[in-house]
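Written out below as structure tokens is the structure these notes cover.
The values are calculated or read from the model by the stated rules, or taken from the named source; none is laboratory data. Note that the structure is a prediction, hence the values are computed from the model and not measured. Backbone-built Cβ (ideal geometry, glycine too); neighbour counts: all protein chains shown.
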Amino acid sequence: MLRAESSLLELTVLVVVIAVVAAIAGFVVVGSVSGPRYQATIQNIVPYTSSEVIVDFQVKNLGESPATPTCVIDTSSSAFAVTGEGSMTAGQPVPGKAWATYHVVVPVTSGGATSVGIGASSVTCH
């Protein structure tokens, strides 16, 4: 009877070890599939032409490894009467935990470049 209890204990320990290893492996796979993460902030928006603005923004690579962000910039006036959208992919990777600054020309509707502001605009990167 003591031998059966010992075998059951060994089996239980083995099952727990396998479950822990599987959980760790799953966490690593999910973490690597999600890819790099970024924090992006618009610093300034200035008219370039009557139908274009220059958007200055900073991107921080929140990961440890260098990564190349692709960003979408949405611009708008406070009443959303004027809108615009642009995108860009960085020319070189941003080092891990580092910031990079970009300047992108974004077309806007209705010749309303002077109406677009930071408060109603956003930038997201992936």
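Structure summary
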{"read-out": "Positions within region 107-120 being assigned to a strand (DSSP E or B) and surrounded by fewer than 14 Cβ atoms within 10 Å (Cβ to Cβ), in sequence order", "value": "Gly119"}
{"read-out": "Test: Gly63 is closer than 14 Å to Pro36 by Cβ and either part of a loop (DSSP other than H, G, I, E, B) or in contact (Cβ under 8 Å) with a residue 24 or more places away in the chain (or both)", "value": "yes"}
{"read-out": "Search result, residues across region 21-45 that are modelled with pLDDT of 50 or more and of a type in the set (Val, Ile, Thr)", "value": "Val33, Thr41, Ile42, Ile45"}
{"read-out": "Identity of the residue in region 70-87, more than 14 Å from Val104 (Cα to Cα) and not hydroxyl-bearing (Ser, Thr, Tyr), that ends up surrounded by the most Cβ atoms within 10 Å (Cβ to Cβ)", "value": "Val82"}
{"read-out": "Failed item in (1) modelled with pLDDT of 95 or more; (2) of a type in the set (Phe, Trp, Tyr); (3) not assigned by TED's automatic domain parsing to the domain that holds Val106, with Tyr48 passing the rest", "value": "(3)"}
{"read-out": "Selection from region 58-78 of residues that are of a type outside the set (Val, Ile, Thr) and over 17 Å from Ala113 (Cβ atoms)", "value": "Gln58, Lys60, Asn61, Leu62, Gly63, Glu64, Ser65, Pro66, Ala67, Pro69, Cys71"}
{"read-out": "Cβ pairs under 6 Å, 6+ apart, first in region 79-105 and within 11 Å of Ala67 (Cβ to Cβ), second of a type in the set (Val, Ile, Thr)", "value": "Ala90/Thr68; Pro93/Thr68; Ala100/Val59; Ala100/Val94"}
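Every residue, every condition in (1) surrounded by fewer than 18 Cβ atoms within 10 Å (Cβ to Cβ); (2) part of a strand (DSSP E or B), yes or no:
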{"position": "Asp56", "(1), (2)": "yes, yes"}
{"position": "Val59", "(1), (2)": "no, yes"}
{"position": "Gly91", "(1), (2)": "yes, no"}
{"position": "Val105", "(1), (2)": "yes, yes"}
{"position": "Ser122", "(1), (2)": "yes, yes"}
